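**Q** Below you will find the structure I want to go over with you.
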Amino acid sequence: RKPRVAVVFGGRSTEHPISAVSAGSVLSAIDRDEFEVIPVGITREGRWVLTDGDPGALAIEGRRFPEITEGAGRAVALPADPGGRLIALDPAEGAAALADVDVVVPLLHGAYGEDGTIQGLLEMAGLPYVGAGVLASAACMDKEFTKKLLAAEGMPAGPYAVLRAGQSLSDADAERLGLPLFVKPSRAGSSMGISRVTDLADLPAAIATAREVDDKVLVEAAFQGVREVECGVLEGEYGGEPEASLPAEVHIDPRHSWYDLEAKYLDAPELDIPPALPDHVVEEIRATACRAFTALDCAGLARVDFFVTPDLDVYVNEINTMPGFTAASAFPKMWAASGLEYPKLISRLIRTALHRRSR
Ligand code: ATP
Ligand code: MG
Ligand code: MG
Ligand code: MG
């Protein structure tokens, strides 16, 4: 029979609605001649529901994002836990449907999805899944450790400070970092909880905003006059070297001063693929994206985000192990421009996971 693919979306993180939108696109494009698809939603409370997978219900309408709610489907137990003790609140009939899934697509962004937690659960269940494993997911989700591991491999970040729970920015760090600052939750995505600070008087409020998402906060010196470039990486087919897509330069809608949530999803940016940069810079970006992927032990896919300075120095900003995945998102668009259309990209990711089986 066809491989049975559980597409899992929604989830407990602040990026719940973004994940739902990614799932809407994947569910409408996935090749159903090749795969049998089981659409599994997770509510914000963490309840798993077997949905009807209607892509129409998983789209942005006007400026409103979709939500996975309990009404969206039946509750199911996890395959690893048919008794429903660990996670599922209701070990309903759907358990049987998940018991013999062949592969999982954890199409989840942020905490409890992109951070190694569901990956650990799937490892324990012996289920292959698309994307990075436990350690790489956790290390890329946590911007403190992403920076430290990249620096150890010769890819240093710009100046930053880490504020652990309860800490505030020291005077020495404030002086070292200057203004403007970017204040962000260490573990988050889709720009949630991030502020740009131009006046130190606004710093405590920005730290509080970030702490609503994560107790640990990063304060970074703002790169100024930089261009933002992203690059997609795929695990090599059959265990080969990772491959980089053509990069994209993100031209943010001028109503936004930086790439915030609305600029990402509501006032979609123009993407220049490949960017108007000298060839050697484009090649440096692609090579660095692959180095970063390998340095963090990534698997499956990743989107590496860069800043390119006016002097054409290339800095890695961060790595996303489950990047935004709507057909209009940067990752699929970069691969389409590189010759891999969206449905084929989805198939390749799933086949890679099936081929890997267990790590
Ligand atoms: P993603 O949706 O890509 O996962 P994220 O929430 O992980 O985003 P970042 O990519 O680190 O967050 O930052 C979001 C945006 O904020 C960047 O694309 C950029 O526009 C701006 N930004 C973040 N850090 C800096 C910085 N140090 N200097 C200048 N701009 C920055
Ligand atoms: Mg990110
Ligand atoms: Mg992200
Ligand atoms: Mg980013």
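**Q** Which ones in region 249-282 are closer than 14 Å to Arg227 by Cβ and loosely packed, with under 14 Cβ neighbours inside 10 Å? Walk me through it before giving the result.
**A** In the first step, residues of region 249-282 are kept if they are closer than 14 Å to Arg227 by Cβ; the result is 249-252, 258-259, 269-278, 281-282.
Result: His251, Glu270, Ala276, Pro278.
This table checks each residue for (1) modelled with pLDDT of 90 or more; (2) on the phi < 0 side of the Ramachandran plot; (3) crowded, with 22+ Cβ neighbours inside 10 Å; (4) not in a helix (DSSP H, G or I).
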position	(1), (2), (3), (4)
Phe9	yes, yes, yes, yes
Ser19	yes, yes, yes, no
Ser25	yes, yes, yes, no
Ala57	no, yes, no, no
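**Q** Which members of region 249-264 meet the condition of being touching a Phe, Trp or Tyr at 6+ places or on another chain (Cβ under 8 Å) and part of a strand (DSSP E or B)?
**A** Across region 249-264, the qualifying residue is only Val250.
**Q** Hey, among Gly240, Gly225, which residue is of a type in the set (Gly, Ala, Ser), within 12 Å of ligand 1 (Cβ to nearest atom) and farther than 20 Å from Gly324 by Cα? If you could, list the steps in order and put the result at the bottom.
**A** Numbers: Gly240 fails: within 12 Å of ligand 1 (Cβ to nearest atom).
Of the residues listed, the single one that is of a type in the set (Gly, Ala, Ser), within 12 Å of ligand 1 (Cβ to nearest atom) and farther than 20 Å from Gly324 by Cα is Gly225.
**Q** Looking at (1) farther than 30 Å from Ala327 by Cα; (2) open to solvent by 30 Å² or more (accessible area, probe 1.4 Å); (3) among the aliphatic types (A, V, I, L, M), which is the only condition Leu218 fails?
**A** Looking at each condition in turn, Leu218 falls short on (2).
**Q** For Pro269, indicate whether it is over 15 Å from Pro156 (Cα atoms) and more than 14 Å from ligand 4 (Cβ to nearest atom).
**A** Answer is no for this residue.
**Q** Further question: If Ala152 satisfies every condition in (1) in the same structural domain as Lys264 (by TED's automatic domain parsing); (2) of a type in the set (A, V, I, L, M, F, W, C); (3) away from ligand 2 (no atom under 16 Å from the Cβ); (4) buried (at least 21 other Cβ atoms within 10 Å of the Cβ) but one, which is the exception?
**A** The number of the failed condition is (4).
**Q** For Leu266, which of the numbered conditions (1) away from ligand 2 (no atom under 14 Å from the Cβ); (2) at pLDDT 95 or above; (3) in contact with a Lys or Arg (Cβ under 6 Å, 6 or more places away or on another chain) fails to hold?
**A** Every condition holds for Leu266 apart from (2).
**Q** Next up: Identify, by number, the condition in (1) within 15 Å of ligand 1 (Cβ to nearest atom); (2) in the same structural domain as Val304 (by TED's automatic domain parsing); (3) without any contact (Cβ under 8 Å) to a residue 60 or more places away in the chain that Ala206 doesn't meet.
**A** (2)
**Q** Which residues, counting only those in region 170-192, are farther than 14 Å from Ile207 by Cβ, away from ligand 2 (no atom under 16 Å from the Cβ) and open to solvent by 40 Å² or more (accessible area, probe 1.4 Å)?
**A** Asp171, Ala172, Glu175, Arg176, Leu179
**Q** Filter region 64-74 for residues that are at pLDDT 80 or above and open to solvent by 80 Å² or more (accessible area, probe 1.4 Å) and give the result.
**A** First pass over region 64-74, keeping only residues at pLDDT 80 or above: 64-69.
Arg64, Glu67, listed by residue number.
**Q** For region 314-324, indicate whether the set of residues that are away from ligand 1 (no atom under 12 Å from the Cβ) and out of contact with any strand residue (DSSP E or B) (no Cβ under 8 Å at 6 or more places or on another chain) is non-empty.
**A** Quick first cut of region 314-324, residues away from ligand 1 (no atom under 12 Å from the Cβ) only: 314.
So of that shortlist, the ones also out of contact with any strand residue (DSSP E or B) (no Cβ under 8 Å at 6 or more places or on another chain) come out as none.
Checking region 314-324: not a single residue is away from ligand 1 (no atom under 12 Å from the Cβ) and out of contact with any strand residue (DSSP E or B) (no Cβ under 8 Å at 6 or more places or on another chain).
**Q** Moving on. Just name the residue that is most open to solvent (accessible area, probe 1.4 Å) out of those in region 29-51 that are modelled with pLDDT of 95 or more and not β-branched (Val, Ile, Thr). Quick ask: steps written out before the conclusion?
**A** At the first step, the residues of region 29-51 found to be modelled with pLDDT of 95 or more are 29-35.
Subsequent filtering for residues that are not β-branched (Val, Ile, Thr) retains 29, 31-35.
Details: Ala29: 24, Asp31: 56, Arg32: 109, Asp33: 136, Glu34: 48, Phe35: 4 Å².
In this case the residue turns out to be Asp33.
The values are calculated or read from the model by the stated rules, or taken from the named source; none is laboratory data. Computed from a predicted structure; not experimentally measured. When we count neighbours, we look across all protein chains shown, and the Cβ atoms used for this are built from the backbone with ideal geometry, even at glycine. What goes into the accessible areas is simple: the full protein's heavy atoms, side chains included, and nothing from ligands, DNA or RNA. Shrake-Rupley method; radii C 1.70, N 1.55, O 1.52, S 1.80 Å.
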